[in-house]
Amino acid sequence: MKLNKLFSILGLASAIAFTACTDEVEYTPAKAVNTPGVYFPTDNEINFTIDDQAGAQTINIFRQNTEGELVVSLQASGDTDKFSVPATVTFAGGSETATIAITPLVEQMENFTTYTIGLTVDDEFTSPYLLATWEGTFTFAVGEEWATLGNCVFTDDAVGPLFNNPCLSWDVEIQEHAQTPGLYRLVNPYGCETSPFKKYCVLSENYVVVNATNPEKVYFGENPNEKTTTGVDMGYGVMTLGLQAYGTLANGKITWPVKGLAIFDNDGGYYANQSGAFCIDLSGLK
C-alpha cells in the first residue's frame, strides 16, 4: 500500500496537420565546388581517457581530390593551452587520407579533469557538403577517482515506508572523490548484500552520488534537480529519489528535513522522509 501521494503525471498529446501546395517549384542547382574536398569522417574517436604516460593521439582526415601532395591549414579551438596541435596536415600525392597527431600536455592538466580541443579546416580546402570540423574530449585521470572510506550506516525513509514498512538501517560502502572533499557516492545502497531490498533491486551496479561539498546544501547527483535511481522495483517500476529540500551534513550525519525527499515510480511521485529518519551516517565508519 502506497501512502501520501505527491502528484501524478498525465500526458496529453495533440497533433495538428497542415498541407501546403504550389503550382510550380523553382529548382536552383547547388553551386559547384572547386576545392580538394578535405573533410573529417564521422567515425573519428571523440572521447579519450589519458594518463600521465599518454603520448600523441591520432585522428584521420580525408580528401576527395587525391591529385598531388597537399598541405592543409588547420585552426585549433577549445583548451588549446593543454595540447600541442599541428597548424597543418600533409596529404601524400595520390593519398586519400592523412593523420593528425594531437599531443596532450599532461604536465599542465589537473587530475580527473576533462578538456576539449577542436579542429577546423580552412575554407579554401573544404566543401559545404562535408564535415570540416572535429571536436574531442580528453579526460586526464591518474589513479583511482574514488577512494573507499569504509561502511556507513544507511537508514531508508523512502522505499520501505512507501509501502507502509518501517524505516530500516544497514551498512553500505561509501566512497569519497579523490579530488573533491565532501563529494561522496554510495555503492549500490539498495542492492548490496546487507540491504533488505536486495531481492527487489534490478541493478547489480549502482552508484548514488551525494554532493555534500556545501554541508548546508546537500543533494544527489550533479545538480539539485537531478533524480537518482534506487534500482528497486517492487512492481510499479524502478524507483528514483528526488529533492524537495536540501539536506545537511552535521556531526558526521547527512540528513534531510521531514518531507524533504520525494520518491517516484511509474504511478507518480510521493513524499518521502516523512519520519525524518533518512540518514547517511559517517560518524562511525566500519
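Read the figures in this text as sums done on the coordinates, not as results from a lab. Being a predicted model, the structure only gives us computed values, none of them experimental. All Cβ positions, glycine included, derive from the backbone under ideal geometry; neighbour counts span all protein chains shown.
Just a few scattered comments:
- Long-range amide H partners of ALA272 with built H, under 5 Å: LEU261, ALA262, ILE263
- When you filter the GluC sites (Glu not before Pro) in the stretch 168-204 for DSSP loop state and at most 13 other Cβ atoms inside 10 Å of their Cβ, you are left with GLU193.
- Each helix, a run of at least 4 DSSP H residues, gives -39500 (n - 2.57); summed and divided by the residues of the chain, these come to 0 deg cm²/dmol at 222 nm.
- Ranked list, fewest to most other Cβ atoms within 10 Å of each Cβ, for VAL38, VAL258: VAL258, VAL38
- Per-residue Cβ neighbour rank within 10 angstrom, fewest leading, TYR39, TYR207: TYR207, TYR39
- All other residues whose Cβ lies under 12 angstrom from that of GLY150 are scored, Lys and Arg at +1 and Asp and Glu at -1, for a net of -3.
- Cβ-based exposure ranking for ARG63, ARG185, in which fewest neighbours within 10 Å come first: ARG185, ARG63
- Candidate values [x] -0.26, -1.32; [y] -0.24, -1.63; [z] -0.48, -1.20, label of the one derived for log10 I(q)/I(0) by the Debye sum over Cα atoms at q = 0.07, 0.17 Å⁻¹: [z]
- Taking GLY37, GLY191, GLY221 in turn, the Gaussian network model of the chain (Cα-Cα springs below 10 Å) assigns the largest fluctuation to GLY37.
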